[in-house]
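Can you read through this structure? Questions will come right after.
The values are calculated or read from the model by the stated rules, or taken from the named source; none is laboratory data. Everything numeric here is computed off the predicted structure, so don't read it as measured data. Heads up, the Cβs are rebuilt from the backbone with ideal geometry, glycines too, and the neighbour counts pull from every protein chain shown. Just so you know, the surface numbers come from the protein's heavy atoms only, side chains and all, with ligands and any DNA or RNA stripped out. Shrake-Rupley method; radii C 1.70, N 1.55, O 1.52, S 1.80 Å.
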Amino acid sequence: MAECHPVGFQWVMEAKRKGARIIHIDPRFTRTSAVADQHVALRAGSDIVFLGGIIRYILEQEKYFREYVVAYTNAATLVRDDFRDTDELDGLFSGYDPETGTYDPASWAYKGVEEYAAAGNARKPSADQSAHTDRAAGDTHGAAGAVGHGHSQTTRDETLQDPRCVLQVLKRHFARYTPEMVEQVCGVSPQDFLSVCEAVTANSGRDLTTAWVYSVGWTQHAVGVQYIRSAAIIQLLLGNMGRPGGGIMALRGHASIQGSTDIPTLFNILPGYLPMPSVDDHPDMTAYLKTVTSDTQKGYWTHAGAYTASLLKSWWGKTATSDNDYCFSYLPKISGDHGTYNTVTRMLDDQVEGYFIMGENPAVGSAHGRMQRLGMSHLKWLVVRDFQLIESATWWKDGPEVRSGELKTEDIDTEVFFLPAASHVEKDGTFTQTQRMLQWHHKAVDPPQDARSELHFMWHLGNKIRARLAESTDDRDRPLLDLTWDYGQDGTDEPSADKVLREINGWQVKPDGTPGPLLSSYTQMKDDGSTAGGCWIYTGVYADGVNQSARRKPGSQQSWVAPEWGWAWPSNRRILYNRASADPQGRPWSERKAYVWWDEEAGSWTGHDVPDFPADRAPDFRPEPGTAGPEGIAGDDPFIMQSDGKGWLFAPTGLLDGPLPAHYEPQESPIRNPLYSQQSNPTRQVLKRKDNLSNPSADAPGAQDFPYVFTTYRLTEHHTAGGMSRWLPYLSELQPQFFCEVSPALAAERGLVNGDWATIVTARSAVEARVLVTDRIRPLTVNGRTVHQVGLPYHWGQGGKGAVVEGDSANDLIGLTLDPNVHIQEAKAATCDIRPGRRPADHQVRGMVEDYISRAGITVETGNTLHEKGDQS
Amino acid sequence: MSAGKTFLSWPVLRQVTGSDRLGRGAAAKSGEDWTARTRTADKVVQSVCPYCAVGCGQKVYAKDGKVIQIEGDPDSPISRGRLCPKGSASEQLVNSPTRQTTVLYRRPHSTEWEHLDLDTATDMIADRVVESRRRTWQDTDEQGRILRRTLGFAHLGGATLDNEENYLIKKLFTALGAIQIENQARI
Ligand code: SF4
């Protein structure tokens, strides 16, 4: 955090000054470790064992916050009798189909909701359905996870004794995640591990909270979603969710990467985490809403119809009426994974003609850079918008494949457009930072020459395309021609970001169809066409007709929560689910941790933040069992977006790889999984292609050719693929060259010399880096043998024009194996070889890699077996 | 690597090898009559750092239509006036001499860039979108179910774009039937 989010880290230091204990768990030693009370170095890719070990400790030692856990989580809820766990099935959950590598999650459901399952919750893949189709099911959930049919009335045992209750399931599931297992898999001593367990549990309860902070490298694993779930289980057990100083803080790496998922440019969701409609499940809006929500679940997702209708109204205006399902049929349908890596493989297979890249540098920043660059060489046209001539704009001229002679510029028939972009000071607009806070940035100057904002580009592109098709009578063009697209500022060709933000916020629709007063809250949204709003969770950013994101009341002049700086979604709440900061009776858990509480006299919730709860719902309110929607939220159901109002220790629906986190080894690993016969995530998405080979793992033949673990990371002085840092002299001076961090022991083993060159090799590529021999990287004893790790910052690239510094790109080493839930690449744990000296000249690099591949006997099947049969299964 | 050459000329090396090793000599001292750039600015706006998601507050000082300084905003309850090396360097990001400020076009098989004006380029791109969409349009799948889409072109966006920009990207491309609209957020 000190390294990559330095200014945010000042608050950690403030906490430390007040007595907080700082623990840093990371394979590498960084500026964070330097000031932490404890640094725990663990093997990259082993985190679920570490976190699972903490969960076991909490359960075994009965350190969980019982009152919180019973009232606010699903610990007491009973799970179906036919649910089988990984401890019984040797690493698999019940419902696994080895043919497709997918699960039928029906048996993971809560007990007593079986009769609802037929309504669409369970998706049993039929014999003729490919794994691909089933994966699409995961993509159709949006953020609601999946529908919680019947969740308004679950069966609970609040004594937590029933063997089928979630807490007991958890106990059995994590029983094998012992301190000895932590030592064996993570390479962390029992003393170090137990000191973390003790600190975390001692520092949680009524009077104290523990915060977990992660950076998104945690998500970049074939089990990435389950990493985060593990942290969520710890925080729920310890009562640290919805409370000040608690929570799980995702530190995201880009100014508006939170905004990029809220208002997504992602294939599987629409604004506000509504799913993109899919061809399998969503022939019409009624079917669509049935898979988004259910009339037998609690909470605010039951109003998804209002959010969807309002979105469609804001896109298709007067054309969207109740008679035509608000133009629901205008939305294109997805049919599986259309994520960026899938798209790149389709490029390589000549199925994609055009590609827009806006403010992104996939030639350097995406996994498997070679596939990225070669993929682009198959395009008919490419549009790159950026500040500088980044590698993704110039690969046809000077990329590694051109330098090696593999591609000849004259043979590449891709047309490339480079359009200069406007910077943040040259346009108005909002960023959403990592705490869901929107901050408006004001334009200071005009962009130079032809540089323009993306807003300008998209608006004009839309105008031009619409003009070309204006006379069309083809049905396919209706969505385009009926689209609301009026963003001009009076009398200029400049679009107005303010107009767009107003549309995102939403308004009442006047009887004549024109915009009426702006909405102040998403609770005002209707499903009858009388409201419009482009992103329901952002409704309120223009509350009272004021751009709330532009508020800049100095921090020194307001409370510590600083509610009048910017605007956080939803409804300017700074801590989500903050009803949990009070006890079931509505009183603060302690004076010290008071945040939001029930004011008996006023009959409403109040506190330092906007209560994340129906304002006048008394703590002792109990709905008629089975009441759905917001009305079904009991006075002690803090998790108002969950279908049962509870925090999910166990996820009965919504995930494709299991209701609980289980440790699987990465696609490439130095060891066999000591926990189960199942080596890697049995549902991971493998891309079996000749251009995407994996190194052999553990004791497989050829694994000895790639004996080391490597991980990649950022440095303070650079920004991801370098497009905004390697062209800047200040930053380039501070971090001039690509380097690899190795321990003195590994340096001795491989003859690596500090300051000299080393070459790092995988089945994808070989790159060269300056050697940094340092104690910051420690060899670990894993499974009884020494495992060395190599650390690689990934900011450099080859080619591009005008960069102050260049170098080989660490992401070229990484192959494509994806998390099944979200299709993110496993980029943070893989194996490699490292040898002294520079890599061969450009035209000989492939030869070197091919030698490794043939020596290790690697084929497209290597590492790609989804289901490993063990003795017990 | 061109880095080697530049390396020796870098200020930090020149400093430690020169006569003023600690950097406290004349070169680092402001003259008596110097004025901070921020005082001569004719405009200052509140902004947000464009790098990471901490969201530090910035004050952007401009004069004669040019940014002359970017500093931390002490009013921000997030950052209290601080910026890290990246945020502090953002004036260089804006005023970079290597910044490409005109449109470039590379024709098929060409070895060089050529220049285009912005409007022509946008027209050409609009034509490409319309043609690719037409060629790759899918009305239905093999079972006759409605798809109403194209997989003929794709988009990958950085996560330092504004929400308003992402909104128009998603809205226009979805209306065109394009599905493969993606973002750094998946990477
Ligand atoms: S100044 Fe540094 S910490 Fe703050 S937002 Fe910018 S990059 Fe992040």
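Pairs to check: A:K111/A:K290; A:K427/A:K553; A:K290/A:K828. Give those whose C-alpha atoms are more than 29 Å from each other in this structure.
Long pairs (Cα-Cα over 29 Å): A:K290/A:K828.
If you place +1 on the Cβ of every Lys and Arg and -1 on the Cβ of every Asp and Glu, how big does the dipole about the Cα centre of chain A come out, in debye to the nearest 20?
For chain A, the charge dipole is close to 1760 debye.
Using a probe radius of 1.4 Å on heavy atoms only, what accessible surface per residue do you get for the protein assembly as shown? Whole Å² is fine.
Values: 36270 Å² over 1060 residues.
Ligands and nucleic acids excluded, the result is 34 Å² per residue.
Taking the Cα centre of each part, how many Å lie between the stretch A:401-435 and the stretch A:713-767?
Taking the Cα centre of each part, the stretch A:401-435 and the stretch A:713-767 sit 23 Å apart.
Here's a follow-up. Calculate the FRET efficiency for A:D490 and B:I146 from the Cβ-Cβ distance with a Förster distance of 30 Å, rounded to the nearest 0.05.
The value I calculate is 0.15.
What does the charge add up to near A:R176, with Lys and Arg as +1, Asp and Glu as -1, over the other residues with Cβ less than 14 Å from its Cβ? Numbers along the way, then the final one.
Details: positive: A:R56, A:K171, A:R172; negative: A:E60, A:D85, A:D87, A:E88, A:D90, A:E180, A:E183.
In short, -4.
Right, something else. For B:T35 and A:A602, FRET efficiency with R0 = 45 Å and r from the beta-carbon atoms, rounded to 0.05?
About 0.25, to the nearest 0.05.
What total accessible area, in Å², is buried where chains B and A meet, using a 1.4 Å probe and rounding to the nearest 100?
By this definition, chains B and A bury close to 13000 Å².
Continuing with this model, one more query. Using 0.36 nm per residue, how much length does the chain from A:S521 to A:D350 gain when fully extended, once their Cα-Cα distance is taken away?
Taking A:S521 through A:D350 to full extension adds about 56.9 nm, to one decimal.
If Lys and Arg each add +1 and Asp and Glu each add -1, what is the summed charge of the other residues whose beta carbon sits under 14 Å from the beta carbon of B:G23?
Overall, the nearby charge balance is +3.
Counting partner chain Cβ atoms within 10 Å of every residue's Cβ in A:235-248, what's the average? Numbers along the way, then the final one.
Numbers: counts 0, 0, 0, 0, 0, 0, 0, 0, 0, 0, 0, 0, 0, 0.
The mean count of partner-chain Cβ atoms within 10 Å per residue comes to 0.
Here's another thing I want to ask about it. Using r as the Cβ-Cβ distance of A:L194 and A:N783, and R0 as 30 Å, what FRET efficiency do you calculate, to the nearest 0.05?
Plugging the Cβ-Cβ distance into 1/(1 + (r/R0)^6) gives 0.90.
Using a 4.7 Å Cβ cut-off, which Cys residues in the protein assembly as shown lack a partner cysteine?
A:C4, A:C165, A:C186, A:C197, A:C327, A:C535, A:C740, A:C832, B:C52, B:C84
Ok, one more. Averaged over every viewing direction, what's the projected area of the C-alpha convex hull for chain A? Give it in nm², one decimal, please.
35.6
Would you compute, from DSSP H runs of 4+ residues alone, the mean residue ellipticity of chain B at 222 nm, taking -39500 (n - 2.57) per run and dividing by the full residue count, rounded to the nearest 500?
After summing the helix terms and dividing by the residues of chain B, the value is -9000 deg cm²/dmol.
Using a cut-off of 14 Å between beta-carbons, work out the net charge of the residues near B:D127 (Lys and Arg +1, Asp and Glu -1, B:D127 not included).
With Lys, Arg at +1 and Asp, Glu at -1, the neighbours total +3.
Run down the lysines and flag those whose C-alpha is under 24 Å from the C-alpha of A:K397, throwing out any fewer than 8 positions away in its chain.
Result set, ordered by chain and number: A:K380, A:K408, A:K801, B:K5.
Figure the gain on full extension for A:D207 and A:E14 (residue separation times 0.36 nm, minus the Cα-Cα span) and round it to one decimal in nm. Provide the component values of the computation, followed by the final result.
Working: separation 193, 0.36 × 193 = 69.48 nm, distance 1.86 nm.
Stretched fully, the A:D207-A:E14 segment lengthens by 67.6 nm.
Using a basic spin-label model with each label point 7 Å from the Cα along Cα→Cβ, how many nm lie between A:T865 and A:R164?
It works out to 3.6 nm between the two label points.
Modelling each spin label as a point 7 Å along the Cα-to-Cβ direction, I'd like the A:D616/A:E99 distance in nm, to one decimal.
Each label point lies 7 Å from its Cα, and together they span 5.7 nm.
Residues of A:325-336, mean number of Cβ from any other protein chain within 10 Å of their own Cβ, rounded to a whole number?
Working: counts 0, 0, 1, 0, 2, 4, 5, 14, 10, 4, 7, 0.
Rounded to a whole number, the mean comes out at 4.
What is the spin-label model distance, in nm, from B:K66 to A:R855 if the labels are put 7 Å beyond Cα along the C-beta direction?
5.6
Provide the packing ranking of B:153-166, A:352-365, A:150-163, i.e. peptides ordered by the mean count of other C-beta atoms within 10 Å per residue, highest first.
Packing order, densest peptide first, comes out as B:153-166, A:352-365, A:150-163.
Equivalent ellipsoid semi-axes for the stretch B:37-95, as square roots of 5 times the alpha carbon gyration tensor eigenvalues: give them largest first, rounded to whole Å.
19, 13, 8
If you count, for every residue in A:278-290, the Cβ atoms of partner chains within 10 Å of its Cβ, what is the mean? Walk me through the numbers before you get to the answer.
Working: counts 0, 9, 3, 0, 0, 2, 1, 0, 0, 0, 0, 0, 0.
Partner Cβ neighbours, averaged per residue: 1.
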